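Okay, so here's the structure we're looking at.
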Amino acid sequence: QVQLVESGGGLVQPGGSLRLSCTGPGSIFRLYAMGWYRQAPGKQRELVATITTGGSTNYTDSVKGRFTISRDNAKNTVYLQMNSLKPEDTAVYSCNAARGRFVYWGQGTQVTVSS
């Protein structure tokens, strides 16, 4: 059973920053594309950002210019740096590893943006 573990969530004021981390087995980080998704209360889960094994990134429009996804395969970790946070960024953020039909999820970490 592949286990992905997120950390770094919390409560932050609008305009603030947080960095999320996701760690897991080395075999996953060497071979799988990684992504961050989020789900706000009453809404469907949405893609936030992805990064391939080669380092190519993709972002949903609402976070472009504010969020940065990165990966450190030596540390088996993928990061999501979130700047200029807005109340609408409030959600549970989950880490995802995907390769073909194989997809794994972390348990999620809560991010709350509020004054």
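Values as computed for the structure displayed
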{"read-out": "Complete set of residues in the stretch 33-54 that are modelled with pLDDT of 95 or more and closer than 13 Å to Asp72 by Cα", "value": "Ala33, Met34, Ile51, Thr52"}
{"read-out": "Test result for Thr57, open to solvent by 30 Å² or more (accessible area, probe 1.4 Å) and under 11 Å from the mean Cα position of the chain (by Cα)", "value": "no"}
{"read-out": "Thr68 being surrounded by 19 or more Cβ atoms within 10 Å (Cβ to Cβ) and either touching a helix residue (DSSP H, G or I) at 6+ places or on another chain (Cβ under 6 Å) or within 18 Å of Thr109 (Cα to Cα) (or both)", "value": "no"}
{"read-out": "Check on Thr23, surrounded by 18 or more Cβ atoms within 10 Å (Cβ to Cβ), touching a helix residue (DSSP H, G or I) at 6+ places or on another chain (Cβ under 9 Å) and not charged (D, E, K, R)", "value": "yes"}
{"read-out": "Any hit, the stretch 3-13, residues being over 10 Å from the mean Cα position of the chain (by Cα), within 20 Å of Ser114 (Cα to Cα), open to solvent by less than 30 Å² (accessible area, probe 1.4 Å) and at pLDDT 95 or above", "value": "yes"}
{"read-out": "Close pairs from the stretch 97-115: first at positive phi, partner part of a strand (DSSP E or B), Cβ under 7 Å, at least 6 apart", "value": "Gly108/Glu6; Gly108/Val92; Gly108/Tyr93; Gly108/Ser94"}
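The values are calculated or read from the model by the stated rules, or taken from the named source; none is laboratory data. Computed from a prediction, not measured in an experiment: that's the story for all the values here. Positions of Cβ are backbone-derived with ideal geometry, glycine not excepted, and every protein chain shown enters the neighbour counts. The area values use the complete protein model at the heavy-atom level, side chains included, leaving out ligands, DNA and RNA. Shrake-Rupley method; radii C 1.70, N 1.55, O 1.52, S 1.80 Å.
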